[in-house]
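Take a look at the structure below.
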Amino acid sequence: MCLDGPLDTLADRRVRLMATIVRRLRSYYRRRIDIPVGAAALVLDVGSGDKPHWRADILLDRHLTEAHGGQRSGSRSVSITHPMFDADAADMPFADGVFDFVVCSHMLEHVKDPAAVIGELTRVAKAGYIEVPEAASAKIVDFPSHLWWCELLDGVLVFTAKSQPFFDAGIDAYLTTSGLRERLAKMLDADLDHRVVSLRWSGTIPFEVRGTLDPGFADAAMSADAHHRGGQALASRCLTAATRLAYRRRLRRVPVRFDDVVTFDRRRNNDEHLSAQIYRCAGTRRVP
């Protein structure tokens with residue numbers, strides 16, 4: 001019997017499995033747990049969806065009903081674990097510089113005007129973290145609800161308008177007919193450090209928008225349905241709960257007054273404190 005290489009022993013497989021688990025845990029810690037703020041900091045999660053950040057004090061999302069659940073990759077419904085502002089990320093209801101840190105993870109690829117949203121992120125917060133799908137990986141398998149190819153080029157976050165849900169029609173058709181799409185997606189998702197662009201910023205966000213979205217494509221993408229990974233969403237929620245317990249000393253304990261975070265024209269002129277409910281602020285423009 002001729003062997004082309006050494007036998008793959010059970011010990012070898014265990015070593016590779018442990019290495020994979022350690023790599024994934026390190027990635028999760030870096031992307032979803034490590035956040036440079038203390039217990040007194042006020043943290044906003046923009047586009048929190050069904051997986052709010054463990055350290056978020058306030059959430060902002062839009063299209064909260066299951067009718068727009070295709071924009072979320074986990075479950076179709078949002079998770080309202082903290083005060084939730086139902087508002088446009090391109091016109092946030094918050095005062096200038098009120099947040100110490102803002103998390104915006106896997107949201108910018110969904111919006112029609114990422115420049116406007118980035119402008120708002122830097123207006124309401126002093127620093128933050130952005131995560132988007134990396135273009136080269138997304139061009140292999142992407143969500144139909146994404147509007148932009150995203151790249152980090154020489155420190156600049158570049159958004160290139162998509163014109164169709166896939167990069168290549170022939171390859172997309174092959175992945176569908178062969179049944180390889182889900183297996184390929186799982187393989188790519190196994191190493192998220194190569195699947196996403198991660199950007200920590202302070203003060204400003206260097207970015208560039210290339211091309212113009214076709215309105216018809218954009219509207220279709222907004223109503224497209226994603227593949228919902230319920231197990232992934234459940235695992236994320238469990239990890240979030242465990243993280244909040246493990247890092248409870250870093251959680252903010254001071255209640256937040258509604259009037260202390262919103263723009264002047266939205267103040268209610270009372271001592272109301274925010275609670276875990278929906279606050280709807282759409283349809284009102286900021287007053288200088």
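The values are calculated or read from the model by the stated rules, or taken from the named source; none is laboratory data. Not measured: the values here are computed from a predicted model. Cβ sites come from the backbone with ideal geometry, for glycine too, and all protein chains shown count toward neighbours.
Out of PRO206, PRO215, one residue alone is surrounded by 13 or more Cβ atoms within 10 Å (Cβ to Cβ) and more than 17 Å from LYS139 (Cα to Cα). It is PRO206. Taken together, the residues in region 97-116 that are part of a loop (DSSP other than H, G, I, E, B) and out of contact with any helix residue (DSSP H, G or I) (no Cβ under 6 Å at 6 or more places or on another chain) amount to 5. When ALA220, ALA185 are checked against the criterion of being over 23 Å from SER105 (Cβ atoms), aliphatic (A, V, I, L, M), out of contact with any helix residue (DSSP H, G or I) (no Cβ under 6 Å at 6 or more places or on another chain) and at pLDDT below 95, a single residue qualifies: ALA220.
Within region 242-263, restricting attention to residues that are outside any loop (DSSP other than H, G, I, E, B) and at pLDDT 95 or above, the residue that is nearest to ASP91 (Cα to Cα) is VAL262.
Scanning region 150-186 for residues that are among the charged types (D, E, K, R) and free of Cβ contacts under 8 Å to residues at least 40 places away in the same chain yields ASP154, ASP168, ASP172, ARG183, LYS186. In this structure, is ARG229 basic (Lys, Arg), modelled with pLDDT of 90 or more and surrounded by 13 or more Cβ atoms within 10 Å (Cβ to Cβ)? No: the conditions fail for ARG229. Given (1) among the charged types (D, E, K, R); (2) modelled with pLDDT of 95 or more; (3) surrounded by 21 or more Cβ atoms within 10 Å (Cβ to Cβ); (4) part of a loop (DSSP other than H, G, I, E, B), identify the lone condition not met by ASP91. Exception for ASP91: condition (3). For VAL78, the criteria (1) under 18 Å from the mean Cα position of the chain (by Cα); (2) surrounded by fewer than 21 Cβ atoms within 10 Å (Cβ to Cβ); (3) of a type in the set (A, V, I, L, M, F, W, C); (4) modelled with pLDDT under 95 hold in every case but one, which is (2). The residue that is nearest to the chain's Cα centre (by Cα), counting only those in region 57-75 that are at pLDDT 75 or above and among the charged types (D, E, K, R), is ASP61.
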